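Read the structure below first, then the notes.
The values are calculated or read from the model by the stated rules, or taken from the named source; none is laboratory data. Predicted model only: the values in this text are computed from it and were never measured. Positions of Cβ are generated from backbone atoms using ideal geometry, with glycine treated the same way; all protein chains shown enter the neighbour counts.
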Amino acid sequence: MPANIPASSARCVRQDLERNLAAVVAVPAAAIEPVLCALVAGGHVLLEGIPGIGKTLLARTLAQSIRGEFRRIQFTNDVMPSDVTGSAVWRADLGRFAFVRGPLFANVVLADEINRTSPRTLSCLLEAMESGRVSLEGRTLELGRPFLVLATRNPVEFHGTFPVPEAALDRFLVRVELDYPAAEFELALYGGRDCEARLAEIQPVVDCDQLLALRAAVDEVQVRPAVAEYVYRVVRATRHHADVQLGASPRAALAWLRAAKGRAAFDGRDYVLPDDLKVLAEPALAHRVFRRDGESASTLIADLLRTTEVPL
(Lines give C-alpha, C1' and ligand atoms only; values in the text may rest on other atoms or scores of the structure.)
Protein backbone atom coordinates (compact mmCIF):
# COMPACT_ATOMS: atom_id res chain seq x y z
CA MET A 1 0.00 0.00 0.00
CA PRO A 2 1.32 3.53 -0.71
CA ALA A 3 3.17 4.94 2.28
CA ASN A 4 1.30 8.25 2.24
CA ILE A 5 -2.03 6.63 3.15
CA PRO A 6 -2.99 7.46 6.77
CA ALA A 7 -2.04 4.66 9.21
CA SER A 8 -0.31 2.95 6.24
CA SER A 9 -3.48 0.96 5.71
CA ALA A 10 -6.18 1.10 3.07
CA ARG A 11 -8.41 -0.78 5.50
CA CYS A 12 -8.11 2.08 7.99
CA VAL A 13 -9.07 4.55 5.28
CA ARG A 14 -12.18 2.54 4.46
CA GLN A 15 -13.16 2.26 8.11
CA ASP A 16 -12.69 6.00 8.63
CA LEU A 17 -14.81 6.79 5.57
CA GLU A 18 -17.54 4.43 6.77
CA ARG A 19 -17.42 6.05 10.21
CA ASN A 20 -17.78 9.55 8.74
CA LEU A 21 -20.74 8.58 6.59
CA ALA A 22 -22.46 6.68 9.39
CA ALA A 23 -22.05 9.68 11.70
CA VAL A 24 -24.03 11.96 9.36
CA VAL A 25 -26.29 9.87 7.14
CA ALA A 26 -28.85 7.27 8.26
CA VAL A 27 -27.71 4.74 5.65
CA PRO A 28 -26.84 1.09 6.39
CA ALA A 29 -23.31 -0.18 5.87
CA ALA A 30 -24.49 -2.45 3.04
CA ALA A 31 -25.44 0.64 1.02
CA ILE A 32 -22.26 2.55 1.87
CA GLU A 33 -19.83 -0.18 0.79
CA PRO A 34 -20.66 -0.11 -2.98
CA VAL A 35 -20.31 3.68 -2.97
CA LEU A 36 -16.84 3.49 -1.43
CA CYS A 37 -15.81 0.71 -3.81
CA ALA A 38 -16.84 2.88 -6.76
CA LEU A 39 -14.93 5.82 -5.27
CA VAL A 40 -11.66 3.91 -5.07
CA ALA A 41 -12.25 2.04 -8.35
CA GLY A 42 -12.80 5.24 -10.34
CA GLY A 43 -16.44 4.55 -11.22
CA HIS A 44 -19.70 6.44 -10.78
CA VAL A 45 -22.76 5.71 -8.67
CA LEU A 46 -26.49 5.74 -9.37
CA LEU A 47 -28.49 6.38 -6.18
CA GLU A 48 -32.15 5.45 -6.30
CA GLY A 49 -34.70 6.15 -3.61
CA ILE A 50 -37.45 8.47 -2.50
CA PRO A 51 -36.67 12.13 -1.72
CA GLY A 52 -35.57 13.00 1.77
CA ILE A 53 -33.55 9.95 2.78
CA GLY A 54 -30.08 11.51 2.65
CA LYS A 55 -28.73 11.18 -0.89
CA THR A 56 -27.44 14.77 -1.03
CA LEU A 57 -26.07 14.56 2.49
CA LEU A 58 -24.23 11.36 1.61
CA ALA A 59 -22.52 13.05 -1.36
CA ARG A 60 -21.55 16.11 0.70
CA THR A 61 -20.15 13.98 3.50
CA LEU A 62 -18.12 11.92 1.06
CA ALA A 63 -16.67 15.05 -0.57
CA GLN A 64 -15.71 16.51 2.80
CA SER A 65 -14.16 13.20 3.87
CA ILE A 66 -11.75 13.21 0.90
CA ARG A 67 -11.05 16.96 1.12
CA GLY A 68 -12.62 17.39 -2.30
CA GLU A 69 -14.76 20.06 -3.93
CA PHE A 70 -18.48 19.33 -4.02
CA ARG A 71 -20.99 20.65 -6.55
CA ARG A 72 -24.65 19.86 -7.08
CA ILE A 73 -26.64 19.99 -10.32
CA GLN A 74 -30.41 20.08 -10.01
CA PHE A 75 -31.61 18.72 -13.32
CA THR A 76 -34.83 19.99 -14.83
CA ASN A 77 -36.16 19.76 -18.39
CA ASP A 78 -34.79 23.20 -19.27
CA VAL A 79 -31.19 22.60 -18.16
CA MET A 80 -28.87 22.95 -21.13
CA PRO A 81 -25.49 21.24 -21.66
CA SER A 82 -23.74 24.58 -21.13
CA ASP A 83 -25.36 24.81 -17.69
CA VAL A 84 -23.49 21.64 -16.79
CA THR A 85 -20.13 22.09 -18.52
CA GLY A 86 -19.84 25.87 -18.47
CA SER A 87 -19.74 28.42 -21.25
CA ALA A 88 -17.86 31.39 -22.66
CA VAL A 89 -18.98 34.74 -21.23
CA TRP A 90 -18.06 38.14 -22.61
CA ARG A 91 -15.79 40.03 -20.20
CA ALA A 92 -15.92 43.75 -20.95
CA ASP A 93 -12.98 44.42 -18.62
CA LEU A 94 -10.82 41.97 -20.57
CA GLY A 95 -12.22 42.76 -23.99
CA ARG A 96 -12.70 39.08 -24.79
CA PHE A 97 -14.70 35.97 -24.00
CA ALA A 98 -13.68 34.06 -20.88
CA PHE A 99 -14.68 30.53 -20.02
CA VAL A 100 -16.75 30.13 -16.86
CA ARG A 101 -16.54 26.59 -15.56
CA GLY A 102 -19.75 24.72 -14.83
CA PRO A 103 -20.54 22.51 -11.85
CA LEU A 104 -18.93 19.46 -13.49
CA PHE A 105 -15.54 20.87 -12.53
CA ALA A 106 -15.44 19.37 -9.05
CA ASN A 107 -14.28 16.19 -7.37
CA VAL A 108 -17.70 14.98 -6.20
CA VAL A 109 -20.71 15.98 -8.31
CA LEU A 110 -24.28 15.23 -7.28
CA ALA A 111 -26.37 14.96 -10.45
CA ASP A 112 -29.83 15.23 -8.91
CA GLU A 113 -32.80 13.65 -10.72
CA ILE A 114 -31.14 12.80 -14.01
CA ASN A 115 -34.46 11.54 -15.37
CA ARG A 116 -35.80 15.11 -15.36
CA THR A 117 -33.37 16.48 -17.93
CA SER A 118 -33.42 16.22 -21.70
CA PRO A 119 -31.59 13.40 -23.52
CA ARG A 120 -29.19 15.98 -24.97
CA THR A 121 -28.10 17.24 -21.55
CA LEU A 122 -27.95 13.72 -20.15
CA SER A 123 -25.66 12.60 -22.97
CA CYS A 124 -23.37 15.53 -22.18
CA LEU A 125 -23.13 14.37 -18.57
CA LEU A 126 -22.52 10.76 -19.58
CA GLU A 127 -19.75 11.75 -22.00
CA ALA A 128 -17.97 13.67 -19.25
CA MET A 129 -18.34 10.69 -16.90
CA GLU A 130 -16.86 8.36 -19.48
CA SER A 131 -13.87 10.47 -20.53
CA GLY A 132 -13.19 12.67 -17.50
CA ARG A 133 -13.05 15.73 -19.75
CA VAL A 134 -15.29 18.10 -21.70
CA SER A 135 -14.82 19.56 -25.18
CA LEU A 136 -15.86 23.17 -25.66
CA GLU A 137 -15.24 25.53 -28.56
CA GLY A 138 -12.38 23.47 -29.92
CA ARG A 139 -10.74 23.01 -26.52
CA THR A 140 -10.54 19.91 -24.34
CA LEU A 141 -10.64 20.59 -20.62
CA GLU A 142 -9.81 18.02 -17.97
CA LEU A 143 -12.22 17.58 -15.08
CA GLY A 144 -11.20 17.16 -11.44
CA ARG A 145 -9.07 14.28 -10.29
CA PRO A 146 -10.54 12.31 -8.69
CA PHE A 147 -13.91 12.80 -10.36
CA LEU A 148 -16.97 11.03 -8.98
CA VAL A 149 -20.58 11.49 -10.08
CA LEU A 150 -23.37 10.41 -7.77
CA ALA A 151 -26.57 10.60 -9.79
CA THR A 152 -30.05 10.26 -8.35
CA ARG A 153 -33.22 8.98 -9.95
CA ASN A 154 -36.39 9.25 -7.91
CA PRO A 155 -38.96 6.47 -8.27
CA VAL A 156 -41.89 8.88 -7.73
CA GLU A 157 -43.16 12.07 -9.39
CA PHE A 158 -42.94 10.79 -12.95
CA HIS A 159 -44.58 13.86 -14.48
CA GLY A 160 -42.08 15.75 -16.61
CA THR A 161 -39.46 13.01 -16.62
CA PHE A 162 -37.61 11.24 -19.41
CA PRO A 163 -36.80 7.50 -19.52
CA VAL A 164 -33.14 6.76 -18.83
CA PRO A 165 -31.89 4.47 -21.63
CA GLU A 166 -30.28 1.13 -20.85
CA ALA A 167 -26.99 2.33 -22.34
CA ALA A 168 -27.02 5.29 -19.96
CA LEU A 169 -27.51 3.05 -16.92
CA ASP A 170 -24.50 1.04 -18.06
CA ARG A 171 -22.24 4.06 -17.47
CA PHE A 172 -22.66 3.72 -13.70
CA LEU A 173 -20.28 1.28 -12.04
CA VAL A 174 -22.79 0.50 -9.29
CA ARG A 175 -26.40 1.25 -8.46
CA VAL A 176 -27.46 1.63 -4.84
CA GLU A 177 -31.09 1.55 -3.79
CA LEU A 178 -31.81 3.55 -0.63
CA ASP A 179 -34.94 2.89 1.38
CA TYR A 180 -36.41 4.27 4.58
CA PRO A 181 -33.82 3.96 7.38
CA ALA A 182 -34.11 1.28 10.03
CA ALA A 183 -35.84 2.28 13.25
CA GLU A 184 -32.63 2.72 15.26
CA PHE A 185 -31.12 5.01 12.60
CA GLU A 186 -34.25 7.13 12.26
CA LEU A 187 -34.79 7.48 16.01
CA ALA A 188 -31.17 8.58 16.37
CA LEU A 189 -31.87 11.34 13.82
CA TYR A 190 -34.88 12.60 15.79
CA GLY A 191 -33.09 12.71 19.11
CA GLY A 192 -29.70 13.89 17.93
CA ARG A 193 -28.21 17.08 16.62
CA ASP A 194 -28.97 18.67 13.28
CA CYS A 195 -27.41 16.95 10.25
CA GLU A 196 -25.61 20.14 9.25
CA ALA A 197 -24.00 20.35 12.69
CA ARG A 198 -22.77 16.77 12.41
CA LEU A 199 -21.46 17.39 8.90
CA ALA A 200 -19.53 20.45 10.09
CA GLU A 201 -17.58 18.25 12.51
CA ILE A 202 -16.50 15.72 9.88
CA GLN A 203 -12.75 15.65 9.36
CA PRO A 204 -11.12 14.51 6.09
CA VAL A 205 -9.53 11.07 6.25
CA VAL A 206 -7.67 11.26 2.93
CA ASP A 207 -6.95 13.94 0.38
CA CYS A 208 -7.36 13.72 -3.38
CA ASP A 209 -3.72 12.78 -4.02
CA GLN A 210 -3.89 9.93 -1.53
CA LEU A 211 -7.13 8.73 -3.07
CA LEU A 212 -5.48 8.68 -6.50
CA ALA A 213 -2.69 6.57 -4.98
CA LEU A 214 -5.35 4.15 -3.76
CA ARG A 215 -6.82 4.03 -7.26
CA ALA A 216 -3.39 3.13 -8.62
CA ALA A 217 -3.34 0.21 -6.17
CA VAL A 218 -6.64 -1.01 -7.63
CA ASP A 219 -4.96 -1.38 -11.03
CA GLU A 220 -2.50 -3.85 -9.47
CA VAL A 221 -5.18 -6.16 -8.06
CA GLN A 222 -5.07 -9.55 -9.76
CA VAL A 223 -7.94 -11.77 -10.91
CA ARG A 224 -7.08 -15.45 -10.78
CA PRO A 225 -8.34 -17.72 -13.60
CA ALA A 226 -10.78 -19.59 -11.35
CA VAL A 227 -12.30 -16.30 -10.20
CA ALA A 228 -12.56 -15.03 -13.79
CA GLU A 229 -14.34 -18.26 -14.74
CA TYR A 230 -16.78 -17.75 -11.86
CA VAL A 231 -17.60 -14.28 -13.20
CA TYR A 232 -18.17 -15.74 -16.66
CA ARG A 233 -20.50 -18.44 -15.37
CA VAL A 234 -22.67 -15.91 -13.55
CA VAL A 235 -22.95 -13.42 -16.41
CA ARG A 236 -23.52 -16.23 -18.91
CA ALA A 237 -26.38 -17.50 -16.74
CA THR A 238 -28.06 -14.09 -16.98
CA ARG A 239 -27.98 -14.31 -20.78
CA HIS A 240 -29.72 -17.70 -20.91
CA HIS A 241 -32.22 -17.24 -18.09
CA ALA A 242 -35.83 -17.68 -19.20
CA ASP A 243 -36.97 -14.51 -17.40
CA VAL A 244 -34.24 -12.27 -18.85
CA GLN A 245 -34.69 -10.16 -21.95
CA LEU A 246 -31.19 -8.65 -21.96
CA GLY A 247 -28.37 -10.31 -20.01
CA ALA A 248 -25.11 -8.95 -18.68
CA SER A 249 -22.60 -7.88 -21.34
CA PRO A 250 -18.80 -8.31 -21.20
CA ARG A 251 -18.62 -4.65 -20.14
CA ALA A 252 -20.97 -5.44 -17.27
CA ALA A 253 -18.64 -8.26 -16.19
CA LEU A 254 -15.64 -5.94 -16.35
CA ALA A 255 -17.48 -3.35 -14.26
CA TRP A 256 -18.31 -6.04 -11.70
CA LEU A 257 -14.65 -7.04 -11.56
CA ARG A 258 -13.54 -3.41 -11.27
CA ALA A 259 -15.80 -2.86 -8.28
CA ALA A 260 -14.53 -6.09 -6.70
CA LYS A 261 -10.95 -4.91 -7.22
CA GLY A 262 -11.82 -1.76 -5.34
CA ARG A 263 -13.12 -3.80 -2.41
CA ALA A 264 -9.98 -5.93 -2.44
CA ALA A 265 -7.73 -2.87 -2.45
CA PHE A 266 -9.67 -1.34 0.44
CA ASP A 267 -9.06 -4.61 2.31
CA GLY A 268 -5.32 -4.41 1.67
CA ARG A 269 -5.27 -7.31 -0.80
CA ASP A 270 -3.84 -7.54 -4.31
CA TYR A 271 -6.22 -10.29 -5.43
CA VAL A 272 -9.99 -10.64 -5.81
CA LEU A 273 -11.92 -13.13 -3.70
CA PRO A 274 -15.30 -14.65 -4.58
CA ASP A 275 -16.67 -12.85 -1.51
CA ASP A 276 -15.79 -9.50 -3.13
CA LEU A 277 -17.83 -10.49 -6.15
CA LYS A 278 -20.77 -11.78 -4.12
CA VAL A 279 -21.09 -8.57 -2.12
CA LEU A 280 -21.02 -6.39 -5.24
CA ALA A 281 -22.97 -8.57 -7.68
CA GLU A 282 -26.35 -6.91 -7.14
CA PRO A 283 -25.03 -3.28 -7.14
CA ALA A 284 -22.89 -3.91 -10.23
CA LEU A 285 -25.17 -6.15 -12.30
CA ALA A 286 -28.84 -5.61 -11.43
CA HIS A 287 -29.14 -2.34 -13.41
CA ARG A 288 -27.48 -4.00 -16.41
CA VAL A 289 -29.77 -7.05 -16.56
CA PHE A 290 -33.34 -6.52 -17.82
CA ARG A 291 -36.18 -8.90 -17.07
CA ARG A 292 -39.03 -9.55 -19.47
CA ASP A 293 -41.61 -8.46 -16.90
CA GLY A 294 -39.84 -5.15 -16.27
CA GLU A 295 -39.15 -5.92 -12.61
CA SER A 296 -35.81 -5.39 -10.90
CA ALA A 297 -33.18 -8.08 -11.50
CA SER A 298 -31.92 -7.97 -7.90
CA THR A 299 -33.69 -11.15 -6.81
CA LEU A 300 -32.65 -12.94 -9.99
CA ILE A 301 -28.98 -12.05 -9.42
CA ALA A 302 -29.21 -13.34 -5.84
CA ASP A 303 -30.69 -16.62 -7.10
CA LEU A 304 -27.90 -17.07 -9.64
CA LEU A 305 -25.26 -16.51 -6.97
CA ARG A 306 -26.82 -19.24 -4.84
CA THR A 307 -26.86 -21.74 -7.69
CA THR A 308 -23.46 -21.02 -9.27
CA GLU A 309 -20.55 -23.03 -7.93
CA VAL A 310 -18.00 -20.88 -6.11
CA PRO A 311 -14.30 -21.58 -6.74
CA LEU A 312 -12.20 -22.68 -3.77
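Restricting attention to the range 196-214, the residues that are in contact with a helix residue (DSSP H, G or I) (Cβ under 6 Å, 6 or more places away or on another chain) and either closer than 14 Å to A26 by Cβ or of a type in the set (D, E, K, R) (or both) add up to 2. If I filter the range 87-108 down to residues being among the small types (G, A, S) and within 20 Å of S131 (Cα to Cα), which single residue comes out as modelled with the highest pLDDT? Looking at residues that are among the small types (G, A, S) and within 20 Å of S131 (Cα to Cα), I get A106.
Matching residues to (1) touching a residue at least 60 places away in the same chain (Cβ under 8 Å); (2) more than 21 Å from C12 (Cα to Cα); (3) not aliphatic (A, V, I, L, M):
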site	(1), (2), (3)
F185	yes, yes, yes
A197	no, yes, no
D209	yes, no, yes
L212	yes, no, no
E229	yes, yes, yes
T238	yes, yes, yes
S249	yes, yes, yes
L254	no, yes, no
F266	yes, no, yes
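Against the test of being closer than 21 Å to D267 by Cα and small (G, A, S), the options A26, A31 yield a single qualifying residue, A31.
Listed by position, the strands (runs of 3 or more DSSP E) enclosed by the range 1-114 that each have at least 2 residues that are in contact (Cβ under 8 Å) with a residue 12 or more places away in the chain, within 26 Å of A183 (Cα to Cα) and of a type in the set (A, V, I, L, M) are 45-48.
Let's see how each residue does on (1) surrounded by fewer than 19 Cβ atoms within 10 Å (Cβ to Cβ); (2) closer than 27 Å to Q64 by Cβ; (3) in contact with a Cys (Cβ under 9 Å, 6 or more places away or on another chain):
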site	(1), (2), (3)
L126	no, yes, no
M129	no, yes, no
R133	yes, yes, no
R139	yes, no, no
P146	no, yes, yes
E166	yes, no, no
F172	no, yes, no
A182	yes, yes, no
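Looking only at residues of the range 236-258 that are in contact with a Phe, Trp or Tyr (Cβ under 9 Å, 6 or more places away or on another chain) and assigned to a helix (DSSP H, G or I), we find that the one that is surrounded by the most Cβ atoms within 10 Å (Cβ to Cβ) is A255. Comparison of A265, A281 shows that the only residue that is modelled with pLDDT of 95 or more and within 13 Å of C37 (Cβ to Cβ) is A281. Residues of the range 288-311 that are surrounded by fewer than 23 Cβ atoms within 10 Å (Cβ to Cβ), in contact with a helix residue (DSSP H, G or I) (Cβ under 8 Å, 6 or more places away or on another chain) and of a type outside the set (V, I, T): F290, R291, S296, S298, L300, A302, L304, L305, E309, P311.
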